[in-house]
Amino acid sequence: MNPMMEIAYLLTQTFFSLFLGAVILRLLLQLARADFYNPISQFLVKASNPLLLPLRRVIPPLGKIDSASVVLALAVQILAMVTLLLIFGARIPSIVVLLGWSVIGCLALVANLYFFAILINIILSWVAPGTQHPAAALLYQLTEPVMQPFRKLIPPMGGIDLSPILVFLSINVIQILLKSMAQSAGLNPILVFGL
């Protein structure tokens, strides 16, 4: 890869991964019913509203799921993959293949987001327990719906919460399955964020 292609790849990947992360994080925070007035939530809303609000006029929600956010995330992932394929001068596959790759990529990004959110939450509980920082509150609100079912399986023992071990194992199993699906779909990992 020549330097110009590397720079184009880096800039494209950075821009699309940040925006896709914001859209998916907004969707996950909505599903977790996190504090909408948190400054970080407000930033995510302002960053994604220009593309999300027009989609919401056309695409209604499905129950608790904001289907416009799902469509936007898939579209951003597809656009990113097409842009990267054009940078590399590769052939662009059919829309069905791109959509399948996009679903795998978005699910992989969700798994990664939860992995790092739970890890940061654990570190914060050791370093700064009881902190009132907006990011810490948002991390707790995001991860608690995922952690709660595992806490029922393994209750805290002696003040130590061992449920994250099961959560991390589950996330790793999901990541292995997604990588297997990506390989069987012929997906190149450098095209998708999260793999």
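Tabulated data
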| read-out | value |
| --- | --- |
| Cβ-Cβ under 7 Å pairs, at least 6 apart or on other chains, region 28-47 side loosely packed, with under 12 Cβ neighbours inside 10 Å, far side assigned to a helix (DSSP H, G or I) | P39/P134 |
| Check on S163, surrounded by 18 or more Cβ atoms within 10 Å (Cβ to Cβ) and of a type outside the set (A, V, I, L, M, F, W, C) | yes |
| Among (1) more than 22 Å from L142 (Cα to Cα); (2) assigned to a loop (DSSP other than H, G, I, E, B); (3) not charged (D, E, K, R) - the single one F36 does not satisfy | (1) |
| Which listed residue, of A117, A75, A90, is of a type in the set (G, A, S), closer than 23 Å to A34 by Cβ and outside any strand (DSSP E or B) | A117 |
| The one condition in (1) part of a helix (DSSP H, G or I); (2) within 26 Å of Y37 (Cβ to Cβ); (3) free of Cβ contacts under 8 Å to residues at least 60 places away in the same chain; (4) not β-branched (V, I, T) that P129 fails to fulfil | (1) |
| Condition met for A80 (assigned to a helix (DSSP H, G or I) and either surrounded by fewer than 16 Cβ atoms within 10 Å (Cβ to Cβ) or at pLDDT below 95 (or both)) | yes |
| Residue count, region 154-195 (criterion: closer than 17 Å to Y114 by Cβ and assigned to a helix (DSSP H, G or I)) | 17 |
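Condition check ((1) in contact with a strand residue (DSSP E or B) (Cβ under 8 Å, 6 or more places away or on another chain); (2) surrounded by 18 or more Cβ atoms within 10 Å (Cβ to Cβ); (3) within 16 Å of V167 (Cα to Cα)) across all residues:
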{"site": "V110", "(1), (2), (3)": "no, yes, yes"}
{"site": "L119", "(1), (2), (3)": "no, no, yes"}
{"site": "L124", "(1), (2), (3)": "no, no, no"}
{"site": "G130", "(1), (2), (3)": "no, no, no"}
{"site": "P134", "(1), (2), (3)": "no, no, no"}
{"site": "L139", "(1), (2), (3)": "no, yes, yes"}
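The values are calculated or read from the model by the stated rules, or taken from the named source; none is laboratory data. As the structure is a prediction and not an experimental result, all values here were calculated from the model. Here Cβ is always computed from backbone atoms with ideal geometry, including for glycine, and neighbour counts include all displayed protein chains.
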